Amino acid sequence: MKRVFLCLVALACACVSGTAHAAKPKPKPVSCGATFGVISPITGAAAVVGQEIVNWTRLSITNWNKQHHTHFKLVEGDTQLNPAAASTVAQQFASNSKIVATVGPAASQNVSVAAAILDKVHMAMVSPSATATNLTVGATFHNFFRVVARDDEQGPTAATYLLKQLHPKHVMIVDDQSSFSTGLAASATAVLQKAGVQVDRESVQQTATEYSSVVAKAASADVIFLTWQLPANIKLFVEQLRSQGKTTPTFASTFDGGTDYVSSFSVNAHTYPPDAAISKQYEKAFGKNYTGQFGPPSYVSAQVIMSAAGSLCAARKKITRSAMLAAIRKVKIAHSIIGRSIAFDRRGDLVGGRFYIYKLVNGSYQLVQ
């Protein structure tokens, strides 16, 4: 009887002290929410590209919120592809304490001015399309990441393809005076000249719409490589070239210009089977007028940011700009809609980034490399 009494006393004490094997209350689910930015040329000459970037970013956030029960929001900043406007947007984002990270800027020349401003407030930028090599190699800011490869990889990829498949003796390379364009032109030129190919370097202003002087020189070239940013300008050049009766093969770095070949930093959503379902969803919401090149990496750029924010929420850490910057460096996505894994090296470059070559066949682009 005495032993029973002692056992009952011990059990009572355990219950009071909290050491009994009672069911522990479940932790309350963490409410995960934050505001992100997107910096893109929503209006102006590059509006088709800029709106594609914004809309795919929106779709990415919508799908993530639905799947993960998060509350992520988006603030849009329009650069009009103008560095001065990009600077203004960056200052606005820096002053808005709610914005903790941003997709973009889209263009290399806009990253150059925005990065320095946002670096001071520790705001991470994840670009879907800025490929200039000097944004990471020798850069003085440390808040920039990209889900695409660099110009010094695109130039050799395009040049090597030209050498192996078209065997040119004379190539005309035309830049549009943007930092993206001149960097790509320089890297391609180096490879071609090393192989003994004659390279004619030409340059036009991005605002130009009349290319007769360059077209006139094209007769002697075996291939014309346009390292331009704006699809409308590329299309205009091709039309003027063909109207003069010249059938010289054309090569570009952006879709929707009607060139014979395209060197792309991403797979094209229009022709990439794994993207079929998401493309259908996008077209239902936003229509079919998009290049297909800028959308998928924009979707993935947003996923990188949301993955970082989600990791902070899971660890019950506050989502701050500094915390996001550190978390993005650690992001790893095994599978993405651009057909590859996502992770960043110490400079913010995509690990194992590469470019894709497309050929225009019967009015549609087919992946050939």
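Taking the Cβ-Cβ separation of residue 220 and residue 165 as r and a Förster radius of 22 Å, what is the calculated FRET efficiency to the nearest 0.05?
Calculated transfer efficiency: 0.60.
So which helices of the chain fit the span-like rule, where a helix is a whole DSSP H run, its Cα atoms reach 27 Å or more along the axis, and its mean Kyte-Doolittle is at least 0.5?
295-314
Mind giving me the nanometre distance, one decimal, between the label points for residue 63 and residue 247, set 7 Å out from Cα along Cα→Cβ?
4.2 nm
With springs connecting C-alpha atoms under 10 Å apart, model the chain as a Gaussian network and identify which of 245, 348, 339 has the largest mean-square fluctuation.
The residue with the greatest mean-square fluctuation here is 245.
Got the relative contact order for segment 212-369 handy, in percent, Cα pairs under 8 Å and 6 or more residues apart?
Reported as a whole number, the value is 19 percent.
With r defined as the distance between the Cβ atoms of residue 35 and residue 316 and R0 fixed at 25 Å, what FRET efficiency is calculated, to the nearest 0.05?
0.80
FRET efficiency for residue 73 and residue 235, Cβ-Cβ distance as r, R0 = 30 Å, nearest 0.05?
It comes out at approximately 0.25.
Taking neighbour counts of Cβ atoms within 10 Å as a proxy for exposure, in what order, fewest first, do 340, 242 appear?
So the ranking, lowest neighbour count to highest, is 242, 340.
For the chain, what relative contact order do you get, as a whole percent, if you take Cα pairs closer than 8 Å and at least 6 residues apart?
Rounded, it is 18 percent for the chain.
Could you tell me which residue out of 271, 341, 50 lies farthest along the dipole of the chain toward its positive end? Charges go on the beta carbon: Lys and Arg +1, Asp and Glu -1, centred on the Cα centre.
Towards the positive end, the residue furthest out is 341.
For every helix of n ≥ 4 consecutive DSSP H residues, a contribution of -39,500 (n - 2.57) applies; sum these over the chain, divide by its total residues, and give [θ] at 222 nm rounded to the nearest 500 deg cm²/dmol.
-13000 deg cm²/dmol
Taking the Kirkwood radius as the inverse of the mean 1/r across Cα pairs, report the Rg/Rh of segment 74-120.
0.91
Compute a Gaussian network model of the chain, connecting alpha carbons closer than 10 Å, and tell me which residue from 187, 31, 179 fluctuates the most.
Among 187, 31, 179, the largest mean-square fluctuation in the Gaussian network model of the chain belongs to 31.
None of the figures in this text is laboratory data; all of them are computed from the coordinates on show. Small disclaimer: the values here were computed from a predicted structure and weren't measured. Every residue, glycine as well, gets a Cβ built from its backbone with ideal geometry; the counts of neighbours run over all protein chains shown.
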